[in-house]
Amino acid sequence: MEHLIGIVSLAVGLLTAAGVLLAVARSAAKGELERNPMVGIRTRTTLSSDAAWRAGHRAAAPWLTRAAQTALVAGIVSGVIAVVQAVTGAGGAAVLAVPGAGWILFLLLVVVAVRRADTAGRAATEGA
């Protein structure tokens with residue numbers, strides 16, 4: 001039962017992260033995400049100017065979208081596994097591998113997005 005609670009918690013977290021990140025990625029790709037103190041990729045470089053913020057978020061948007069899609073798929077698969085485990089009792093601790101791997105891949109893609117944003121932001125400020 002504790003594994004079921006764990007997988008459901010991880011699945012809900014993945015789905016929530018996917019929704020939030022997808023909204024940020026779409027706003028960033030459209031150039032609608034203004035520099036602000038709450039939402040977005042907040043590095044010293046991206047916060048240094050509006051041009052760096054826009055360039056960074058534009059460069060990161062595809063990676064943020066991939067991260068959100070990864071979290072969405074991992075969250076759905078984890079939810080299906082949770083249902084199967086609840087109905088059949090099959091599984092055990094190994095079922096936590098799917099949401100765990102989903103979180104790891106999600107975080108790696110977010111790190112790539114942040115690095116891309118920082119590089120693009122730096123290029124935008126150097127070119128200005």
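General observations
- Qualifying residue in the stretch 34-49 (condition: acidic (D, E), surrounded by fewer than 19 Cβ atoms within 10 Å (Cβ to Cβ) and either assigned to a helix (DSSP H, G or I) or in contact with a Pro (Cβ under 7 Å, 6 or more places away or on another chain) (or both)): no
- Scan of the stretch 81-93 for residues that are in contact with a helix residue (DSSP H, G or I) (Cβ under 9 Å, 6 or more places away or on another chain), part of a helix (DSSP H, G or I) and surrounded by fewer than 20 Cβ atoms within 10 Å (Cβ to Cβ), ordered by number: V84, Q85, A86, A93
- Residue in the stretch 113-120 that is free of Cβ contacts under 8 Å to residues at least 60 places away in the same chain, surrounded by 14 or more Cβ atoms within 10 Å (Cβ to Cβ) and not basic (K, R) present: no
- Any hit, the stretch 76-93, residues being under 15 Å from A28 (Cα atoms) and either under 16 Å from the mean Cα position of the chain (by Cα) or not polar (S, T, N, Q) (or both): no
Since every read-out is calculated from the coordinates, none of them should be taken as a lab result. Please read all numbers here as calculations on a predicted model, not as lab measurements. Cβ sites come from the backbone with ideal geometry, for glycine too, and all protein chains shown count toward neighbours.
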